[in-house]
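K.L.:
One structure coming up, written as structure tokens, with questions to follow.
Values in this text are rule-based calculations from the coordinates and carry no lab data. On a predicted model such as this, the values are computed, not experimentally measured, just so you know. Because the Cβ atoms are built from the backbone with ideal geometry, glycine has one as well, and the counts that use them run over all protein chains shown.
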Amino acid sequence: MKTTGDQQLVKRINRSVLLRLLRSQSGLSRAQLAVESGLTKSTVSLLVRELIDEGWLTETDVPAAQGLGRPSTPLQIDGRSRGLIGVEVAVEALRVVGVSLTGQVLCAQEEPLLGTQPDEVCRQTARLVARTLAQLAQRGVQLAGVGVGLPGAFDEATGVLRFAPNLGWRNVDFVPLITQALAQAGVPPVGVHVQNEADTAALSEYEFSDGDAQDSLIFVTCGAGVGAGIVLNDRLFTGIQGMAGEIGHSILQIDGPLCSCGRKGCAETFFGARTLANLPDPAEGGHYLGVVLQNLWTTFNPSTLVVGGPSCDTYPGIIKTAQQTLQRYAAAAGMAAPPVRAARYGLLASAVGAAALVLHHALRPMHTRTPPAPARLLEDETNSTAPTTTTA
Ligand SMILES: [Zn+2]
């Protein structure tokens, strides 16, 4: 029987259901998966076999207890066979990481950006990805996909980078450029996903969460600029042109200090890296960060708030100050503030999150736009010959 497009989608959805169940409840057996998913036992067995063969799942051998029949075998996400490559194109540097499906950083490299033209950036990125791929291959890890985080507004409907002021990019058709560069560097065709780097940073915490990030999470990046990556209702929220989360330019004071964007009183003028460096006690800038966290909390009601970026590395005290400020506002309203914590992957958050972006799409086949060819991430890639690129 020929498999139709609809059946392929149903299969991808069913596979993603099993993977997500095992991510939240590691150790479930095939029988338990059937109960939890509502799929038949035979469908579960078939899909689990495929996912094991492709390196997405592993099973633990359980010795058979005498007289009790065949024991149920616990299944887990395979943290060793398949890997993801994540790239952060930062203004000053290029960071590339190899990450396991369970969020372990297997290798990482960083280089200063050699040029800022889009084709130069793509060529340098492709070289580093090829090197990372070789490192993964040495560990016997097979590539499942590549994700890229860019320092600007990325329009996921068109695949166009709208505006990256610090690189001087406007309306760059990035996906074809990077796909071509990767092919020229000898990287085999895999799904390539692209997103804004603050958004990918949020996914580093959400997709590789150890349970505290459920349904929604906001990641605030503090550096020269201030931005937020927002996960709402289990999906990345990017806005109509990829500009959601530009909280650095939310106004904290009417007619306040002049901002680089032309407005007055933007959040960035109170705790952007340049302002912090000029404060007698940079940690005091954390009060303004706390105001922004309070506003994000009341607007989106996330389960968790995460703070990262270079300023947290330089002045770790700002997180504590921000937390205290948020708690004061919460106490005044007689409420409990959501937990605030430092980014788990530190300065690698955006690169690790770019790798997580690949998973984010693979586990949500219904929400992923797949023109012109479907991402084959959850299918057997060994037969695929054509590049399967999607626009995030
Ligand atoms: Zn501004």
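K.L.:
Any idea what angle helix 286-300 forms with the longest principal axis of the chain, computed on alpha-carbon atoms, 0 to 90 degrees, nearest 10?
P.N.:
50
K.L.:
Subtract the Cα-Cα distance of ASP255 and SER26 from 0.36 nm times their separation in residues, and report this length gain in nm to one decimal.
P.N.:
77.1 nm
K.L.:
If I fit a long axis through the Cα atoms of helix 317-332 and take the longest principal axis of the Cα atoms of the chain, what angle between them do I get, 0 to 90°, rounded to 10?
P.N.:
Approximately 90 degrees, to the nearest ten.
K.L.:
Distance between the C-alpha centers of the stretch 128-144 and the stretch 277-342? Whole Å please.
P.N.:
38
K.L.:
Then there's this: What nm distance separates the two modelled labels at ASP210 and MET366, each placed 7 Å from Cα along Cα→Cβ?
P.N.:
So the label points at ASP210 and MET366 sit 3.2 nm apart.
K.L.:
About the Cα centre of the chain, how large is the charge dipole given +1 on each Lys and Arg Cβ and -1 on each Asp and Glu Cβ? Please answer in debye to the nearest 20.
P.N.:
The calculation lands at about 560 debye.
K.L.:
Taking a ≥ b ≥ c as the square roots of the Cα gyration tensor eigenvalues, with a/c under 1.5 meaning rounded and otherwise prolate when a/b beats b/c, else oblate, which class fits the stretch 150-228?
P.N.:
It is oblate, given that a/c is not under 1.5 and a/b is not larger than b/c.
K.L.:
So what is the relative contact order for the stretch 5-77, in percent, with contacts set as C-alpha pairs under 8 Å and at least six apart?
P.N.:
35
K.L.:
Helix-only estimate, please: 222 nm mean residue ellipticity of the chain, summing -39500 (n - 2.57) across DSSP H runs of length 4 or more and dividing by its residues, to the nearest 500.
P.N.:
So the calculated ellipticity at 222 nm is -11500 deg cm²/dmol.
K.L.:
Taking θ as phi - 60°, what are the ³J(HN,Hα) couplings along the stretch 254-259 by the Karplus curve (6.51, -1.76, 1.60), each to the nearest whole Hz, with x for Gly and Pro?
P.N.:
5, 6, x, x, 5, 9
K.L.:
Among GLY308, ILE254, GLY286, which residue has its Cα positioned farthest towards the positive end of the charge dipole of the stretch 209-343, with +1 placed on the Cβ of Lys and Arg, -1 on the Cβ of Asp and Glu, and the dipole taken about the Cα centre?
P.N.:
With unit charges placed on the Cβ atoms, the residue in question is ILE254.
K.L.:
A follow-up question, please. Name the long-range amide H neighbours of CYS222: under 5 Å, sequence gap of 5 or more, or other chain; modelled H, no Pro or chain starts.
P.N.:
HN-HN under 5 Å from CYS222: GLY308, GLY309, SER311, CYS312.
K.L.:
Using modelled backbone amide H atoms (1.01 Å from N, in-plane), which distant-in-sequence or interchain residues come within less than 5 Å of CYS107's amide H?
P.N.:
GLY98
K.L.:
What does the extension gain come out to for GLN117 and THR60, with contour length at 0.36 nm per residue minus their alpha carbon separation?
P.N.:
Result for the pair: 15.6 nm of gain on full extension.
K.L.:
So if we plug the beta-carbon distance of ALA137 and GLN76 into 1/(1 + (r/R0)^6) with R0 = 25 Å, what FRET efficiency do we get, rounded to 0.05?
P.N.:
Efficiency computed from Cβ-Cβ geometry: 0.60.
K.L.:
Restricting to Cα pairs below 8 Å that are 6+ residues apart, what does the relative contact order work out to for the chain? Please round to a whole percent.
P.N.:
Across the chain, relative contact order equals 18 percent.
K.L.:
Here is a follow-up. List the trypsin sites (Lys or Arg not before Pro) within the stretch 96-189 that fall in a DSSP loop (any state other than H, G, I, E or B) and whose Cβ has at most 16 other Cβ atoms within 10 Å.
P.N.:
Passing sites in the stretch 96-189 are ARG139.
K.L.:
Taking only the C-alpha atoms, wrap a convex hull around the chain and report its volume per residue in Å³ as a whole number.
P.N.:
Convex hull volume per residue, Cα atoms: 158 Å³.
K.L.:
Among residues other than GLY262 whose Cβ falls under 14 Å from its Cβ, what is the net charge (Lys/Arg +1, Asp/Glu -1)?
P.N.:
Charge balance in the 14 Å sphere: -1.
K.L.:
While we're looking at this one, here's another question. Any idea how many Lys pairs in the chain come in under 29 angstrom at the alpha carbon, given 8 or more places apart or on separate chains?
P.N.:
Lysine pairs meeting both conditions in the chain amount to 4.
K.L.:
Ranked by Cβ crowding within 10 angstrom, fewest neighbours first, how are CYS222, CYS266 ordered?
P.N.:
CYS266, CYS222
K.L.:
Any chance you could give the angle, 0 to 90 degrees and rounded to 10, that helix 349-362 forms with the longest Cα principal axis of the chain?
P.N.:
40
K.L.:
Assuming 0.36 nm per residue, please report the length gained on full extension of the stretch LEU46 to ALA183 beyond their Cα-Cα distance.
P.N.:
46.0 nm
K.L.:
Only four residue types carry charge here, +1 at the Cβ of Lys and Arg and -1 at the Cβ of Asp and Glu. Report the dipole size of the stretch 5-77 about the Cα centre in Debye, rounded to the nearest 20.
P.N.:
160
K.L.:
Continuing with the same structure: When HIS360, HIS193, HIS249, HIS367 are ordered from fewest to most other Cβ atoms inside 10 Å of their Cβ, what list results?
P.N.:
HIS367, HIS249, HIS360, HIS193
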